[in-house]
Amino acid sequence: MSVPVFRNYIGGEWVDGPTFENRNPANTDDLVGLFVAGTESDMARAVEAAEAALPGWASMPAPARGALLYKVAEILESRLEQLAVEMTREEGKTLPESRAEVRRSVNIFRYYAGEGSRLPGLVTPSERDRVHTFAIRRPIGVVGLITPWNFPSAIPAWKLAPALVCGNTVVLKPASAAPLSAWRIVEACHEAGIPPGVVNFVAGSGGRLGRALIEAPALRAISFTGSCEIGRQLHAEASRRRLRIQLEMGGKNPTIVLADCDLALAVENVVNGAFASTGQKCTATSRAIVEEKIYDKFLDALVERTRRYRVGNGLEPGVEMGPAVDEAQLETDLRYVRIGTEEAGPPVFGGRRLSGPDYDKGYFIEPTIFAGVTPGMRIAQEEIFGPVLAVMKARDFDEAIEIANRVPFGLSASLQTTNLSRVFEYIQRMEAGLLTVNLPSAGVEYQLPFGGTKESSFGPKEQGPAALDFYTDFKTVYIKY
Ligand code: NAP
């Protein structure tokens with residue numbers, strides 16, 4: 001069977017070049033596609049195309065831009081199953097997870113399509129006689145979007161849709177490990193009739209293309225999701241150029257389990273938070289901080305449930321956890337298993353690379369639990385981005401909150417309790433941007449602000465109405481009549 005080649009999209013044209021491979025991490029014999037590796041000059045041309053398209057797109061009535069986004073949603077929805085299968089093949093997450101993600105991208109496009117008919121500005125009374133005042137939102141210009149592989153459709157969607165409805169033109173640089181899901185959105189934008197140059201797509205090495213993007217004179221802003229390390233570099237370079245920047249980065253998200261919780265629910269939430277999507281969610285649970293009184297009981301139930309967690313090719317029914325996204329991520333997971341073993345002793349469950357006919361062609365690791373972890377250990381402090389959970393003991397609620405906050409990150413957190421007062425104290429004291437109660441630490445919805453605090457995030461929040469604040473500037477008007 002011939003392997004499909006996915007080209008870059010610049011100024012409304014599909015652009016050829018040398019390619020790189022996109023392989024299935026559950027079965028490396030499966031070549032999902034070949035992607036054209038963009039060059040620095042492709043990136044420069046993409047920004048120029050976005051600049052040329054800006055006046056026309058920015059002056060189109062926002063409801064008309066919204067109407068085009070509705071069409072994108074329809075096209076994606078009509079291909080939901082195909083796109084979900086492709087996502088599982090390129091990223092490894094299970095098919096139900098991929099279906100839910102494509103569904104979410106559809107919903108995101110619909111949500112921001114509707115924003116085209118609102119784009120709320122401000123009208124306020126003036127202090128002066130016979131003066132009318134108001135402020136309208138204007139696009140900021142050409143925006144660069146750099147996305148990671150772990151939500152290869154939803155993250156591009158939640159950056160593209162608000163950027164476009166606000167009247168900006170964009171250049172999207174997807175993650176090299178999983179570029180197809182983002183490419184499919186760009187294809188849908190093309191088919192929906194979004195004018196040439198409004199959306200541009202350049203795949204290829206982040207290091208080279210990132211630099212070319214940031215150096216492009218017409219660029220006005222960057223929205224980045226990925227690692228803290230790259231985020232820090234981009235922030236320094238963007239500051240030098242005085243670009244607007246939004247960074248969504250790593251996490252070390254805790255789930256606090258109190259003695260008064262519903263134990264079965266808490267176990268289910270921790271397992272789901274830690275091991276769904278192979279722990280490769282920025283909001284995944286990587287620390288369970290458990291009140292002393294129920295620590296042993298909780299740990300037994302956790303290990304028992306994890307033993308039944310089914311690992312395999314995400315395309316197969318009943319599989320709960322797919323592979324690591326690639327060899328490098330698997331190596332990282334296994335390295336942290338070694339670090340954890342030195343620090344806390346061998347894992348109480350898992351820790352090994354899986355082998356056998358179902359696993360040998362992929363990057364499979366067991367879901368892994370370390371017990372008796374203390375707050376200073378590296379496995380309690382550093383983001384692993386794999387299915388490795390550190391279980392820690394706390395004397396009481398106060399100590400649990402103190403441990404939960406004792407990390408540089410502040411993305412998401414979860415509390416398992418039936419005590420309402422504790423819930424409100426946690427909302428006050430927990431240093432994180434996304435808080436859940438009696439739910440896993442992961443699993444957010446598109447219509448609310450998304451983002452963290454501390455080292456996890458920088459700049460205005462994404463998603464919901466908050467996204468408009470990043471993708472627009474206010475223009476304030478005073479009229480004497
Ligand atoms: P990454 O290595 O930082 O890569 C993210 C994106 O940046 C990719 O498109 C990458 O391209 C590109 N890139 C790499 N070097 C660059 C450079 N020098 N300049 C500009 N762009 C560059 O992160 P990842 O491994 O894909 O994703 C995992 C990380 O993302 C984790 O830390 C996770 O917590 C974080 N994440 C955060 C959120 C959130 O909302 N807070 C959500 C999801 C993931 P290449 O692929 O070509 O290298």
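The values are calculated or read from the model by the stated rules, or taken from the named source; none is laboratory data. What you see is a predicted model, and the numbers here were worked out from it, not measured in a lab. Here the Cβ positions follow ideal geometry from the backbone for every residue, glycine too, while neighbour counts run over all protein chains shown.
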Some residue of region 298-307 being touching a helix residue (DSSP H, G or I) at 6+ places or on another chain (Cβ under 8 Å), among the basic types (Lys, Arg) and surrounded by fewer than 24 Cβ atoms within 10 Å (Cβ to Cβ): yes
Failed condition for LYS93, given (1) more than 18 Å from the chain's Cα centre (by Cα); (2) in contact (Cβ under 8 Å) with a residue 60 or more places away in the chain: (1)
Given (1) buried (at least 20 other Cβ atoms within 10 Å of the Cβ); (2) within 16 Å of the ligand (Cβ to nearest atom); (3) under 25 Å from MET87 (Cα atoms), index of the condition ILE365 fails: (2)
Yes/no for SER176 being surrounded by fewer than 24 Cβ atoms within 10 Å (Cβ to Cβ), at pLDDT 95 or above, polar (S, T, N, Q) and under 25 Å from the mean Cα position of the chain (by Cα): yes
Which numbered condition PHE134 misses (of (1) touching a strand residue (DSSP E or B) at 6+ places or on another chain (Cβ under 9 Å); (2) more than 30 Å from ALA324 (Cβ to Cβ); (3) buried (at least 17 other Cβ atoms within 10 Å of the Cβ); (4) not β-branched (Val, Ile, Thr)): (3)
Flag if LEU263 is surrounded by fewer than 20 Cβ atoms within 10 Å (Cβ to Cβ) and farther than 30 Å from PHE458 by Cβ: yes
Test: residue in region 62-81 that is within 16 Å of the ligand (Cβ to nearest atom) and part of a helix (DSSP H, G or I): no
Pick from region 422-450, criterion of a type in the set (A, V, I, L, M, F, W, C), away from the ligand (no atom under 12 Å from the Cβ) and touching a residue at least 24 places away in the same chain (Cβ under 8 Å), ranking: surrounded by the fewest Cβ atoms within 10 Å (Cβ to Cβ): LEU439
Region 231-246: number of residues that are in contact (Cβ under 8 Å) with a residue 60 or more places away in the chain and not small (Gly, Ala, Ser): 5
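Conditions (1) under 23 Å from the mean Cα position of the chain (by Cα); (2) among the hydrophobic types (A, V, I, L, M, F, W, C), marked per residue:
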residue: VAL271; (1), (2): yes, yes
residue: THR278; (1), (2): yes, no
residue: ARG308; (1), (2): no, no
residue: TYR336; (1), (2): yes, no
residue: ARG352; (1), (2): no, no
residue: ASP358; (1), (2): no, no
Residue in region 343-351 that is of a type in the set (Asp, Glu) and within 30 Å of PRO179 (Cβ to Cβ) present: no
All strands (runs of 3 or more DSSP E) inside region 147-253 with 2 or more residues being small (Gly, Ala, Ser) and more than 9 Å from the ligand (Cβ to nearest atom): 219-225
Meets criteria (surrounded by fewer than 23 Cβ atoms within 10 Å (Cβ to Cβ), more than 16 Å from the chain's Cα centre (by Cα) and modelled with pLDDT of 95 or more) for ALA203: no
Pair list, Cβ < 8 Å and 6+ apart or interchain, from region 272-290 residues that are in contact (Cβ under 8 Å) with a residue 40 or more places away in the chain and within 12 Å of the ligand (Cβ to nearest atom) to residues that are part of a helix (DSSP H, G or I) and among the aromatic types (Phe, Trp, Tyr): none
Residue in region 6-16 that is in contact with a Cys (Cβ under 9 Å, 6 or more places away or on another chain) and either within 15 Å of PRO195 (Cβ to Cβ) or assigned to a strand (DSSP E or B) (or both) present: yes
Conditions (1) within 24 Å of GLU455 (Cα to Cα); (2) out of contact with any strand residue (DSSP E or B) (no Cβ under 7 Å at 6 or more places or on another chain); number of the one not met by GLU327: (1)
Filter result for GLU48 (surrounded by fewer than 22 Cβ atoms within 10 Å (Cβ to Cβ) and charged (D, E, K, R)): yes
Within region 281-398, helices (runs of 4 or more DSSP H) holding 2 or more residues that are closer than 17 Å to ASN269 by Cβ and assigned by TED's automatic domain parsing to the domain that holds VAL270: 295-307
Residues that are away from the ligand (no atom under 16 Å from the Cβ) and either outside the structural domain of HIS235 (by TED's automatic domain parsing) or charged (D, E, K, R) (or both), drawn from region 451-476: ASP469, ASP473, LYS475
Among the candidates ALA64, ALA58, ALA50, ALA100, residue that is among the hydrophobic types (A, V, I, L, M, F, W, C), farther than 18 Å from PRO174 by Cα, assigned by TED's automatic domain parsing to the domain that holds GLY141 and touching a strand residue (DSSP E or B) at 6+ places or on another chain (Cβ under 9 Å): ALA58
Residues (within 21 Å of ARG208 (Cβ to Cβ), buried (at least 17 other Cβ atoms within 10 Å of the Cβ) and touching a strand residue (DSSP E or B) at 6+ places or on another chain (Cβ under 6 Å)) located in region 24-41: GLY33, PHE35, VAL36, ALA37, GLY38
